[in-house]
Amino acid sequence: MAQDDLYRSVVLERAKSPRHAGDLPDAPLHGQGGNPLCGDRVKLHAMVDTQGRIATLRHETRGCAICAASADLMAERVTGQGRAQVSRLQAELVAAVETGIAPEGLGELSVFAPLHQHRSRIRCAMLPWSALTEMLNDEKDR
Amino acid sequence: MDQILTRPGRAADSLRHVRDDFPILSEKVHGKDLVFLDSAASAQKPRQVIDCMAETMRTQYANIHRGLYWMSERTTEAYEGVRDQVAKFLGANAREEIVFTRNSTEAINLVAHSYGSMLRPGQAVVVSEMEHHANLVPWQMLRDRTGIELRVTPVTDDGALDMDALARTLSDGRVGLVAITHMSNVLGTITDARAIADMAHAAGAKVLFDGSQLAVHRRVDVSALDADFYVVTGHKLYGPTGIGVLWARRELLEAMPPFLGGGDMISTVSFERSTWAHVPHKFEAGTPAIIETIGLGAALAYIESIGFDAIGAHEDALTAYALEMLGQVQGLKVIGTAPQRGGVISFTMADVHPHDIATLLDRNGIAVRAGHHCAEPLMRRMGVSATARASFGIYTTPEEIATLAATLEQIRGFFV
């Protein structure tokens with residue numbers, strides 16, 4: 001089996017050695033999401049700056065490589081971004097996994113585009129994003 | 001795996017000719033030959049079934065039991081002919097003991113609803129730790145509806161039914177029904193149905209077996225098992241979806257109230273009250289899955305033409321080969337190692353999540369199941385959150401097993 005275009009080294013590395021994993025006990029924002037079908041579970045902890053942008057995001061992920069890598073790449077990508085930008089990125093990622101074609105500007109997140117051939121796994125990549133959106137919406141409603 | 005010392009037994013290769021009957025096996029997946037190892041979820045369909053169903057629709061289809069014209073009468077004969085076939089297939093004493101349902105799940109729900117309504121508070125239903133959700137949730141619903149007790153009898157660490165514990169579960173004489181799988185869809189364990197039936201009867205309980213998996217691999221004889229209820233589903237038996245079977249002793253069916261009401265299940269109807277048709281029709285409300293039932297008949301005829309001696313020998317040899325081959329994959333752990341088992345093998349592999357295993361296998365054309373296999377409590381009991389599962393059918397070959405093992409070894413290499 002040659003190097004797989006879905007399980008590229010970035011996915012395997014991030015799953016094995018995440019750069020943004022862990023707890024942030026003093027963080028004001030906490031969110032979580034789970035997938036009852038496979039037992040994947042993501043917890044998020046975030047610090048937000050005065051403009052409402054994400055200053056630091058940490059995740060605690062228990063799940064498959066796709067979910068774990070997605071959480072880690074997400075944490076990296078959304079740092080410094082506000083809610084509108086997060087929602088735009090999420091929409092672009094959805095478009096990529098639905099069509100297999102990554103919009104320009106998606107960067108490393110485009111590694112998930114081959115999921116369009118594995119539709120049952122799209123939710124693994126999207127779980128951290130839905131947890132993030134829910135966390136940010138809860139913050140807005142507070 | 002450079003050195004493969006294991007060789008499959010000759011019987012593992014003995015049904016190769018049947019592959020020609022399954023058109024789907026020549027399909028490609030992601031550019032690779034399809035290696036279909038998910039027959040326990042649903043089996044592929046032979047040409048004999050596909051053609052029979054298409055031919056029925058093309059040449060003789062009409063509603064059954066009510067048309068006073070040739071097409072309807074012919075279709076009724078074909079439909080009712082399958083009831084005779086199923087009765088023979090399961091070793092039933094009478095055709096009236098065969099009730100057609102949508103699948104095993106509906107068959108169990110029928111029993112939980114109808115026989116369940118005859119149980120009294122203070123009585124208990126016993127299920128095992130290795131039940132599919134289909135043989136657990138209907139009993140939870142019955143418990144919540146009527147106040148009966150639901151008891152769960154344990155499995156041993158290797159995945160066999162703990163018979164001593166079952167005896168203790170039955171010992172207070174309050175159990176009305178024991179509902180247990182005849183072969184686990186996760187562990188592959190084949191339970192000793194006759195011994196379970198004897199224990200249940202000695203304790204004054206009836207017994208239901210979920211034969212969804214077993215009936216595909218072994219000859220079922222409900223009389224020899226001394227069962228009271230037995231359920232199977234067509235789509236795992238190389239037949240179509242939408243058709244399952246409940247077999248029950250005639251006197252039980254006669255005593256039980258109907259499940260669904262409607263046309264076909266009545267004798268007389270007025271605005272004030274209705275009376276029920278004789279069994280089995282009392283349990284078959286509405287237009288049934290006519291074409292699917294006739295398709296099931298074709299599937300059973302196909303299975304009988306191969307014969308359970310050949311099927312059993314093939315699958316035993318294949319399973320032994322697979323257990324050896326998978327045992328050579330580093331870090332692979334088989335979940336469920338009971339001595340009596342069939343061709344359903346669940347496993348984990350080091351830290352690689354079963355969903356990643358399944359997706360990477362799929363990218364190589366290999367279809368396996370991954371997840372909790374509709375048996376979440378069993379997963380917890382066995383100490384895992386999910387497993388990957390390879391399961392075999394009559395068309396599975398030793399080469400496919402070898403491809404699975406070699407690909408798993410490569411996948412493991414990815415994650416090291």
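Just so it is clear, none of the values below were taken in a lab; they were calculated from the coordinates. Remember, it's a predicted structure, so these values are computed and weren't measured experimentally. We place every Cβ from the backbone using ideal geometry, glycine too, and count neighbours over all the protein chains shown.
See the values below:
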{"read-out": "Whole-Hz ³J(HN,Hα) from phi, Karplus 6.51 cos²θ - 1.76 cosθ + 1.60, for the range B:112-117, glycine and proline x", "value": "4, 6, 7, 5, x, 6"}
{"read-out": "0 to 90° range, to nearest 10: angle between helix A:122-141 axis and chain A longest Cα axis", "value": "10"}
{"read-out": "Options B:Ala358, B:Thr387, B:Ile108, ranked by Cα towards positive dipole end of chain B, top entry (Cβ charges)", "value": "B:Ile108"}
{"read-out": "Dipole magnitude of chain A about its Cα centre (Cβ charges: Lys, Arg +1; Asp, Glu -1), debye to nearest 20", "value": "180"}
{"read-out": "Cβ-derived FRET efficiency at R0 35 Å, A:Ala91 paired with A:Asp26, nearest 0.05", "value": "0.65"}
{"read-out": "Full-stretch length increase - B:Arg219, B:Ser305 - with 0.36 nm per residue and alpha-carbon distance subtracted", "value": "29.6 nm"}
{"read-out": "Under 5 Å, built H, 5+ apart or other chain: amide partners of B:Val126", "value": "B:Arg151, B:Leu177, B:Val178, B:Ala179"}
{"read-out": "Cα-based helix-to-principal-axis angle, B:308-327 vs chain B, degrees rounded to 10", "value": "40"}
{"read-out": "Cα-Cα over 27 Å, subset of B:Lys28/B:Lys88; B:Lys206/B:Lys282; B:Lys28/B:Lys333; A:Lys43/A:Lys140", "value": "B:Lys28/B:Lys88; B:Lys28/B:Lys333"}
{"read-out": "Nitroxide proxy distance, nm - points 7 Å out along Cα→Cβ at B:Ile24 and B:Ser42", "value": "0.7"}
{"read-out": "Theoretical FRET efficiency, 1/(1+(r/R0)^6), r = Cβ-Cβ of B:Asp144 and B:Ala255, R0 22 Å, to 0.05", "value": "0.40"}
{"read-out": "Test item: Cα-centred dipole of the protein assembly as shown, Lys/Arg +1 and Asp/Glu -1 on Cβ, debye", "value": "580"}
{"read-out": "FRET efficiency estimate (nearest 0.05) - Cβ-Cβ, B:Ala202 to B:His133, R0 30 angstrom", "value": "0.55"}
{"read-out": "Added length on full extension, which subtracts the Cα-Cα distance from 0.36 nm per residue, B:Ser117 to B:Asp51", "value": "19.6 nm"}
{"read-out": "Sequence-distant residues sharing a close amide H with B:Ile266 (under 5 Å, placed H)", "value": "B:Ala277"}
{"read-out": "Amide H partners (placed H, <5 Å) of A:Leu29, local residues excluded", "value": "A:Ala46"}
{"read-out": "Chain B: relative contact order in percent, alpha carbon pairs under 8 Å with at least 6 residues between", "value": "24"}
{"read-out": "Spin-label model distance (nm) - A:Thr56 vs A:Asp138, 7 Å beyond Cα toward Cβ", "value": "2.0"}
{"read-out": "Simple label model, 7 Å out from Cα along Cβ direction - B:Arg381 to A:Asp49, nm", "value": "5.5"}
{"read-out": "Dipole in debye (nearest 20) - the range B:252-408, about Cα centre, beta carbon charges: Lys, Arg +1; Asp, Glu -1", "value": "500"}
